[in-house]
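Working notes, beginning with the structure itself.
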Amino acid sequence: MTMIGKILLFQRRKLHTIISREMIKPLSPTPSLHHTYNLSQVDLCSTHVYMPLIFYYPNNEICSLTPNDKAHKIKKSLSQSLTRCYPFAGKLHTPTAPYIDCNDEGVVFVEARNDSHMNMSQHINDDTVGQLFVDGMFWQMSPPHRATLVGVKLNHFACGGMALGVSMSHRIGD
(Lines give C-alpha, C1' and ligand atoms only; values in the text may rest on other atoms or scores of the structure.)
Protein backbone atom coordinates (compact mmCIF):
# COMPACT_ATOMS: atom_id res chain seq x y z
CA MET A 1 0.00 0.00 0.00
CA THR A 2 1.34 3.42 -0.90
CA MET A 3 1.86 6.18 1.65
CA ILE A 4 -1.11 8.14 0.22
CA GLY A 5 -3.32 5.05 0.55
CA LYS A 6 -2.27 4.65 4.19
CA ILE A 7 -3.01 8.33 4.93
CA LEU A 8 -6.44 8.12 3.30
CA LEU A 9 -7.22 4.95 5.23
CA PHE A 10 -6.10 6.60 8.49
CA GLN A 11 -8.17 9.74 7.82
CA ARG A 12 -11.40 7.83 7.12
CA ARG A 13 -13.80 8.29 10.02
CA LYS A 14 -15.47 5.37 11.70
CA LEU A 15 -19.16 6.15 11.73
CA HIS A 16 -20.58 3.31 13.78
CA THR A 17 -20.12 0.39 16.12
CA ILE A 18 -21.40 -2.99 14.97
CA ILE A 19 -23.78 -4.53 17.51
CA SER A 20 -24.74 -7.72 15.73
CA ARG A 21 -24.43 -9.57 12.45
CA GLU A 22 -26.68 -12.47 11.50
CA MET A 23 -28.44 -14.22 8.65
CA ILE A 24 -32.21 -13.71 8.48
CA LYS A 25 -33.86 -16.76 6.99
CA PRO A 26 -37.37 -17.09 5.51
CA LEU A 27 -40.09 -17.78 8.08
CA SER A 28 -41.10 -20.93 6.21
CA PRO A 29 -38.96 -23.03 3.84
CA THR A 30 -39.07 -22.63 0.09
CA PRO A 31 -41.03 -25.48 -1.54
CA SER A 32 -38.75 -27.94 -3.38
CA LEU A 33 -40.49 -27.05 -6.65
CA HIS A 34 -38.95 -23.54 -6.39
CA HIS A 35 -35.37 -24.41 -5.38
CA THR A 36 -33.97 -23.08 -8.66
CA TYR A 37 -34.76 -19.61 -9.98
CA ASN A 38 -33.56 -19.15 -13.57
CA LEU A 39 -32.27 -15.69 -14.41
CA SER A 40 -33.54 -13.95 -17.54
CA GLN A 41 -31.26 -13.18 -20.48
CA VAL A 42 -31.33 -9.51 -19.48
CA ASP A 43 -30.24 -10.41 -15.93
CA LEU A 44 -27.43 -12.58 -17.29
CA CYS A 45 -26.13 -9.67 -19.39
CA SER A 46 -26.03 -7.28 -16.44
CA THR A 47 -23.06 -7.05 -14.14
CA HIS A 48 -23.35 -8.43 -10.63
CA VAL A 49 -23.27 -5.09 -8.82
CA TYR A 50 -25.00 -4.17 -5.57
CA MET A 51 -27.60 -1.41 -5.78
CA PRO A 52 -27.84 0.67 -2.58
CA LEU A 53 -31.11 1.97 -1.17
CA ILE A 54 -31.29 3.98 2.01
CA PHE A 55 -34.35 4.77 4.09
CA TYR A 56 -34.07 7.48 6.75
CA TYR A 57 -36.49 7.48 9.67
CA PRO A 58 -36.28 10.50 12.00
CA ASN A 59 -36.98 10.10 15.70
CA ASN A 60 -40.70 9.90 16.36
CA GLU A 61 -41.51 11.14 19.87
CA ILE A 62 -44.86 9.29 19.79
CA CYS A 63 -43.29 5.88 19.13
CA SER A 64 -42.55 4.04 22.36
CA LEU A 65 -40.52 1.23 20.77
CA THR A 66 -36.94 0.80 21.94
CA PRO A 67 -34.16 0.34 19.37
CA ASN A 68 -34.18 -3.39 20.22
CA ASP A 69 -37.95 -3.57 19.61
CA LYS A 70 -37.55 -1.81 16.26
CA ALA A 71 -34.78 -4.19 15.22
CA HIS A 72 -36.87 -7.20 16.23
CA LYS A 73 -39.85 -5.96 14.17
CA ILE A 74 -37.67 -5.34 11.12
CA LYS A 75 -36.07 -8.79 11.36
CA LYS A 76 -39.46 -10.46 11.77
CA SER A 77 -40.91 -8.56 8.79
CA LEU A 78 -37.87 -9.40 6.68
CA SER A 79 -38.19 -13.09 7.55
CA GLN A 80 -41.88 -13.04 6.59
CA SER A 81 -41.13 -11.22 3.31
CA LEU A 82 -38.44 -13.72 2.35
CA THR A 83 -41.05 -16.47 2.39
CA ARG A 84 -42.82 -14.82 -0.57
CA CYS A 85 -39.69 -13.37 -2.20
CA TYR A 86 -37.67 -16.57 -1.80
CA PRO A 87 -34.98 -15.86 -4.46
CA PHE A 88 -33.63 -13.00 -2.29
CA ALA A 89 -32.73 -15.55 0.41
CA GLY A 90 -30.92 -17.75 -2.10
CA LYS A 91 -27.38 -17.95 -3.32
CA LEU A 92 -25.61 -17.17 -6.57
CA HIS A 93 -22.81 -19.76 -6.69
CA THR A 94 -20.64 -17.82 -9.14
CA PRO A 95 -20.96 -14.36 -10.71
CA THR A 96 -21.80 -16.03 -14.04
CA ALA A 97 -24.26 -18.65 -12.75
CA PRO A 98 -27.48 -18.67 -14.85
CA TYR A 99 -29.67 -19.39 -11.85
CA ILE A 100 -30.15 -18.69 -8.16
CA ASP A 101 -30.05 -21.60 -5.74
CA CYS A 102 -33.08 -20.86 -3.54
CA ASN A 103 -31.62 -22.66 -0.54
CA ASP A 104 -33.05 -20.37 2.17
CA GLU A 105 -29.53 -19.34 3.21
CA GLY A 106 -30.94 -15.96 4.13
CA VAL A 107 -30.10 -12.27 4.00
CA VAL A 108 -27.19 -10.62 5.82
CA PHE A 109 -28.52 -8.37 8.60
CA VAL A 110 -26.19 -6.03 10.47
CA GLU A 111 -27.20 -3.76 13.33
CA ALA A 112 -25.03 -0.77 14.25
CA ARG A 113 -25.05 2.14 16.70
CA ASN A 114 -23.92 5.61 15.73
CA ASP A 115 -22.89 8.28 18.24
CA SER A 116 -23.73 11.17 15.91
CA HIS A 117 -27.07 12.72 15.05
CA MET A 118 -28.79 11.66 11.86
CA ASN A 119 -28.17 14.19 9.14
CA MET A 120 -29.17 13.02 5.68
CA SER A 121 -27.46 15.92 3.88
CA GLN A 122 -24.20 15.08 5.67
CA HIS A 123 -24.19 11.52 4.39
CA ILE A 124 -25.15 12.46 0.84
CA ASN A 125 -22.09 14.72 0.53
CA ASP A 126 -19.79 12.62 2.70
CA ASP A 127 -17.60 9.64 1.93
CA THR A 128 -19.04 7.86 4.98
CA VAL A 129 -22.35 7.04 3.26
CA GLY A 130 -20.96 3.60 2.36
CA GLN A 131 -20.72 2.80 6.07
CA LEU A 132 -24.52 2.83 6.28
CA PHE A 133 -24.53 -0.40 4.24
CA VAL A 134 -23.26 -3.93 4.84
CA ASP A 135 -19.50 -4.07 4.13
CA GLY A 136 -18.64 -4.50 0.47
CA MET A 137 -22.23 -4.07 -0.70
CA PHE A 138 -22.27 -0.39 -1.71
CA TRP A 139 -22.14 0.06 -5.51
CA GLN A 140 -19.46 -2.58 -5.73
CA MET A 141 -19.04 -5.50 -8.02
CA SER A 142 -19.51 -8.75 -6.22
CA PRO A 143 -16.25 -10.66 -5.81
CA PRO A 144 -16.39 -14.30 -6.96
CA HIS A 145 -16.52 -15.63 -3.39
CA ARG A 146 -19.53 -13.48 -2.38
CA ALA A 147 -22.83 -15.11 -3.21
CA THR A 148 -25.16 -13.16 -0.92
CA LEU A 149 -27.83 -11.36 -2.93
CA VAL A 150 -29.18 -8.93 -0.31
CA GLY A 151 -27.70 -7.14 2.68
CA VAL A 152 -29.58 -5.02 5.23
CA LYS A 153 -27.96 -2.74 7.79
CA LEU A 154 -29.96 -1.03 10.54
CA ASN A 155 -28.16 2.08 11.82
CA HIS A 156 -29.37 3.57 15.13
CA PHE A 157 -28.42 7.23 15.65
CA ALA A 158 -27.90 9.06 18.96
CA CYS A 159 -30.90 11.32 18.22
CA GLY A 160 -33.23 8.31 18.16
CA GLY A 161 -33.54 8.24 14.38
CA MET A 162 -32.44 5.36 12.22
CA ALA A 163 -31.31 4.62 8.69
CA LEU A 164 -31.95 1.32 6.95
CA GLY A 165 -29.32 0.61 4.29
CA VAL A 166 -30.44 -2.08 1.84
CA SER A 167 -28.13 -3.45 -0.85
CA MET A 168 -29.32 -5.94 -3.40
CA SER A 169 -27.80 -7.60 -6.39
CA HIS A 170 -28.82 -5.89 -9.61
CA ARG A 171 -29.31 -9.35 -11.13
CA ILE A 172 -32.29 -10.08 -8.90
CA GLY A 173 -33.43 -6.67 -7.66
CA ASP A 174 -34.52 -4.85 -10.78
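The values are calculated or read from the model by the stated rules, or taken from the named source; none is laboratory data. From a predicted model like this one, the values you see are computed outputs, not experimental measurements. Note: ideal-geometry Cβ built from the backbone for every residue, glycine included; neighbour counts use all protein chains shown.
At-a-glance table
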{"item": "Matching residues, the range 22-34, being of a type in the set (S, T, Y) and either closer than 21 Å to G151 by Cα or surrounded by 11 or more Cβ atoms within 10 Å (Cβ to Cβ) (or both)", "result": "S28, T30"}
{"item": "For N68: the one exception among (1) modelled with pLDDT of 90 or more; (2) of a type outside the set (F, W, Y); (3) touching a helix residue (DSSP H, G or I) at 6+ places or on another chain (Cβ under 9 Å)", "result": "(3)"}
{"item": "Qualifying residues in the range 110-156 (those that are under 18 Å from L82 (Cα atoms), in contact with a helix residue (DSSP H, G or I) (Cβ under 6 Å, 6 or more places away or on another chain) and outside any loop (DSSP other than H, G, I, E, B)) - the one modelled with the highest pLDDT", "result": "L154"}
{"item": "Hits in the range 19-43 - residues which are more than 15 Å from G90 (Cβ to Cβ) and touching a strand residue (DSSP E or B) at 6+ places or on another chain (Cβ under 9 Å)", "result": "I19, S20, R21, E22"}
{"item": "Within the range 31-57, considering residues that are among the polar types (S, T, N, Q) and under 21 Å from the mean Cα position of the chain (by Cα), the one nearest to N114 (Cα to Cα)", "result": "T47"}
{"item": "Filtered residues of the range 35-61 (kept if loosely packed, with under 13 Cβ neighbours inside 10 Å and small (G, A, S))", "result": "S40"}
{"item": "Given (1) assigned to a strand (DSSP E or B); (2) surrounded by fewer than 15 Cβ atoms within 10 Å (Cβ to Cβ); (3) modelled with pLDDT of 95 or more, index of the condition Q80 fails", "result": "(1)"}
